[in-house]
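Right, one structure below, let's go through it.
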Amino acid sequence: SSIVSCFKHSYYNEYKSYLSVMAGANVKKVRYNTENSSIVSCFEGFRCELDDEHDRQERIVKLSRDITIQSKRIIFNLHRIEPDYSNGDAVLTDACAKLHSLRDKFKKIGEELEGKDRYKYHRAYTNGVQEFVEAVSFYQVIKNHSIITPPEVEGYMGLCPLLATDYLCGLADLTGEVMRMCISFCGKGYSELGMKLRDVLFEINTGIKMSNITSRGMSQKLEVMLQSLVKCETSTYNLTLRGLEFPSEVPGAAVAAAS
């Protein structure tokens, strides 16, 4: 029995050492294959490609953020214009210069998107484009009392692509700014200018609804746009009706105060 137990013990030790040797060989074999396999090199290529895409997206986001900030400043500046346009030339000239200054940033976005799928990076720059469309449209409304067209917007943007959804969303956001200016003008007694701005709102509202283009957040923009149109109509309506109660010699500001 002692011989049998000794044999078993010896066999067990030999088998254990055999397993350890085989395990070490397998580990060494796996390591060798891992370092030189085509799968690893393929995933390294994926890593470089993803890093490049993330870096490009971050650059586009930063450019879009700069465009958004500058566009908001242009809109705030345009609100300083007086109803009699006494400072109109200075305000419009400054706004035009700032709009053209954004061409370089749009050019950089266009260069980043060159040869790439623009829809893939659309969410990275859509906010900047919509805010720019709102600013340049507001400039066009104040200057000519008309709505800017997509080719005219593309003339400012250069290489950066303009999608129909960005154009319409920018116009929808514009209605809030036009409504504020309309009420401000009506409050100072300039009913004719208020009616022109109201007509612009009505045209935008009709055009967007007829386009039948839907996008994320468009339904909410349509509700706000309708509210802005109603406020403009109410303001011009009250000012016109109250104006009929006063002699023609009474200034419009006095009528507006009475309203």
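The values are calculated or read from the model by the stated rules, or taken from the named source; none is laboratory data. The structure presented is a predicted model; accordingly, all values stated were derived computationally and were not measured. Neighbour counts run over all protein chains shown; Cβ positions are idealised from the backbone, glycine included. Remember, those area values only see protein heavy atoms, side chains included, never the ligands or the DNA or RNA. Shrake-Rupley method; radii C 1.70, N 1.55, O 1.52, S 1.80 Å.
Can you tell me which residue is nearest to Lys72 (Cα to Cα) among those in the stretch 109-131 that are part of a loop (DSSP other than H, G, I, E, B) and either in contact with a Gly (Cβ under 8 Å, 6 or more places away or on another chain) or not charged (D, E, K, R) (or both)?
Among those residues, the one meeting the criterion is Tyr121.
Quick check, is Asn238 surrounded by 13 or more Cβ atoms within 10 Å (Cβ to Cβ) and out of contact with any Gly (no Cβ under 7 Å at 6 or more places or on another chain)? Can you show your working first?
Working: surrounded by 13 or more Cβ atoms within 10 Å (Cβ to Cβ): yes; out of contact with any Gly (no Cβ under 7 Å at 6 or more places or on another chain): yes.
Against the criterion (surrounded by 13 or more Cβ atoms within 10 Å (Cβ to Cβ) and out of contact with any Gly (no Cβ under 7 Å at 6 or more places or on another chain)), Asn238 qualifies.
Tell me whether the stretch 128-146 contains one or more residues that are modelled with pLDDT of 85 or more and at positive phi. Write out each step before concluding.
Here is the first cut: in the stretch 128-146, the residues modelled with pLDDT of 85 or more are 128-146.
Those left that are additionally at positive phi: 145.
Scanning the stretch 128-146, I find at least one residue that is modelled with pLDDT of 85 or more and at positive phi, so the answer is yes.
List the pairs whose first member sits in the stretch 50-61 and is farther than 14 Å from His122 by Cβ, whose second member is open to solvent by 70 Å² or more (accessible area, probe 1.4 Å), and whose Cβ atoms are under 8 Å apart, counting only residues at least 6 apart or on separate chains?
Arg59/Lys108
Restricting the stretch 86-108 to residues that are in a helix (DSSP H, G or I) and open to solvent by less than 30 Å² (accessible area, probe 1.4 Å), which is modelled with the lowest pLDDT? If you could, list the steps in order and put the result at the bottom.
Of all residues in the stretch 86-108, those in a helix (DSSP H, G or I) come to 88-101, 103-108.
Filter once more, so that each one left must be open to solvent by less than 30 Å² (accessible area, probe 1.4 Å): 88, 91-92, 95, 99, 106.
Values: Gly88: 83, Val91: 92, Leu92: 92, Ala95: 92, Leu99: 91, Phe106: 91.
Out of the qualifying residues, it is Gly88.
Report, by residue number, each residue of the stretch 63-85 that is under 12 Å from the mean Cα position of the chain (by Cα) and open to solvent by 90 Å² or more (accessible area, probe 1.4 Å).
Within the stretch 63-85, just Arg65 meets the criteria.
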